[in-house]
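Report on one structure; see the data block that follows.
The values are calculated or read from the model by the stated rules, or taken from the named source; none is laboratory data. The model shown is predicted, which means the values in this text are computed figures rather than measured ones. Heads up, the Cβs are rebuilt from the backbone with ideal geometry, glycines too, and the neighbour counts pull from every protein chain shown.
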Amino acid sequence: MDMFDEPQEDPTERSFSPNDRAREKSDEFRMHAELAAVFEGCRKFDARLIPGLSSDVARDIQRSMAKLEKSKSPGGPVLPSQSHPEAAGVLNAFNTLNLSTNDYHIHRRPGEVMIIRWLAGEQAATFYERLQAHFDAAIEGFREDERQAHEWKRDPSTLTYLTALDAIHVKMAERYLRNVIKEHHLFVLSTQMADEINIAYLSDHIMEVPAADIVGKVSAPPEDPTEKDLAWFYKLFSLRGVRDGVEQMCFFTFLQKTDDSFDFG
């Protein structure tokens, strides 16, 4: 079962270069590593799913994230100085609102879910450790699978592709600008989005909780779901910064059922 619905293709049949194919897989595994590190809290760190977050709080965070996203320069995740007060307010909202860190605070209505998770201090440090571990495990397993599946062909394109895979060594904390944030007291916002995310993969495999606990009983997929039942639009905002010397992170996730069976008005 895949997190995202994508066709499975033989890498030797793709039209772009072997190096491009390897970079594409690296980007894919980086995205999956972030998803796993963000959402594995219930499975790994005793995080709770806490429904009942007020619509006012959820919408305020959503509006702030959207405003911060618009303030960024094209192609860069670093927020401009004029956005720092708003970013700091979002990162510290768990203190302002007396909400727990580590847990998943959920606001939902039929066909729509907002999930907010804050991390601070050692929780943020652990997040980066897990982020790296997930990426390393994914790329290493994929390298081995690709070598076993394709090395026997011995054609130059395939060998170049396998060599490019072997050369991938991503330091995830550097990729997510952790040291830059801490040294220069910057605020950084990155996002990832998918038109269709498999809600069962997220709930069953990453979080290890029933889908109904995330999206609610009304919106949960039935016992024998179709692809349409499992498909949700998804966008994740990852905001990072430092306040009074303490690393803070806020992950805001928006999920919306992709079919038209719910009234989103």
(request) Please find, within the stretch 193-215, the residue that is surrounded by the fewest Cβ atoms within 10 Å (Cβ to Cβ) out of those that are in a strand (DSSP E or B) and touching an Asp or Glu at 6+ places or on another chain (Cβ under 7 Å). (result) Glu196
(request) Go over the candidates Phe237, Phe252 one by one and state the one that is within 30 Å of Pro74 (Cα to Cα) and either acidic (Asp, Glu) or touching a Lys or Arg at 6+ places or on another chain (Cβ under 9 Å) (or both). (result) Phe252
(request) Please state which one of Leu119, Leu131 is hydrophobic (A, V, I, L, M, F, W, C) and in contact with a Ser or Thr (Cβ under 8 Å, 6 or more places away or on another chain). (result) Leu119
(request) Could you tell me which numbered condition Glu28 fails, if it satisfies all but one of (1) within 28 Å of Lys153 (Cβ to Cβ); (2) modelled with pLDDT of 85 or more; (3) loosely packed, with under 15 Cβ neighbours inside 10 Å; (4) not aliphatic (A, V, I, L, M)? (result) (3)
(message) Give me the residue from the stretch 162-173 that is modelled with pLDDT of 95 or more and either touching a His at 6+ places or on another chain (Cβ under 9 Å) or of a type in the set (Lys, Arg) (or both) and, out of that set, surrounded by the most Cβ atoms within 10 Å (Cβ to Cβ).
(response) Met172
(request) Of the numbered conditions (1) touching a strand residue (DSSP E or B) at 6+ places or on another chain (Cβ under 7 Å); (2) surrounded by fewer than 19 Cβ atoms within 10 Å (Cβ to Cβ), Ser219 fails exactly one; give the number of that condition. (result) (2)
(request) Taking the residues in the stretch 49-70 that are charged (D, E, K, R) and surrounded by 14 or more Cβ atoms within 10 Å (Cβ to Cβ) as candidates, determine which candidate is farthest from Phe237 (Cα to Cα). (result) Asp60
(message) Give all pairs with beta carbons closer than 6 Å in which a residue from the stretch 77-89 that is within 18 Å of Asp244 (Cβ to Cβ) meets a residue that is part of a loop (DSSP other than H, G, I, E, B); count only pairs at least 6 apart in sequence or on separate chains.
(response) His84/Phe187; Ala87/Leu79; Ala87/Phe187
(message) On the basis of being at pLDDT 90 or above and either hydrophobic (A, V, I, L, M, F, W, C) or farther than 18 Å from Glu208 by Cβ (or both), does Lys44 make the cut?
(response) no
(request) Please state which one of Ser73, Ser100 is assigned to a loop (DSSP other than H, G, I, E, B) and in contact (Cβ under 8 Å) with a residue 12 or more places away in the chain. (result) Ser100
(request) Would you tally the residues in the stretch 174-187 being assigned to a helix (DSSP H, G or I) and surrounded by fewer than 17 Cβ atoms within 10 Å (Cβ to Cβ)? (result) 7
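Rundown of residues vs (1) closer than 22 Å to Lys44 by Cβ; (2) surrounded by 17 or more Cβ atoms within 10 Å (Cβ to Cβ); (3) touching a helix residue (DSSP H, G or I) at 6+ places or on another chain (Cβ under 7 Å), yes/no style:
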residue: Val90; (1), (2), (3): no, yes, yes
residue: Asn95; (1), (2), (3): no, no, no
residue: His107; (1), (2), (3): no, yes, yes
residue: Glu112; (1), (2), (3): no, yes, no
residue: Ile115; (1), (2), (3): yes, yes, no
residue: Trp118; (1), (2), (3): yes, yes, yes
residue: Asp136; (1), (2), (3): yes, no, no
residue: Glu146; (1), (2), (3): no, yes, yes
residue: Trp152; (1), (2), (3): no, no, no
(request) Please determine, by comparing only the residues of the stretch 71-88 that are within 19 Å of the chain's Cα centre (by Cα) and exposed (fewer than 13 other Cβ atoms within 10 Å of the Cβ), which one is farthest from Ser238 (Cα to Cα). (result) Gly75
(request) Could you tell me whether Val218 is closer than 30 Å to Asn19 by Cβ and in a loop (DSSP other than H, G, I, E, B)? (result) no
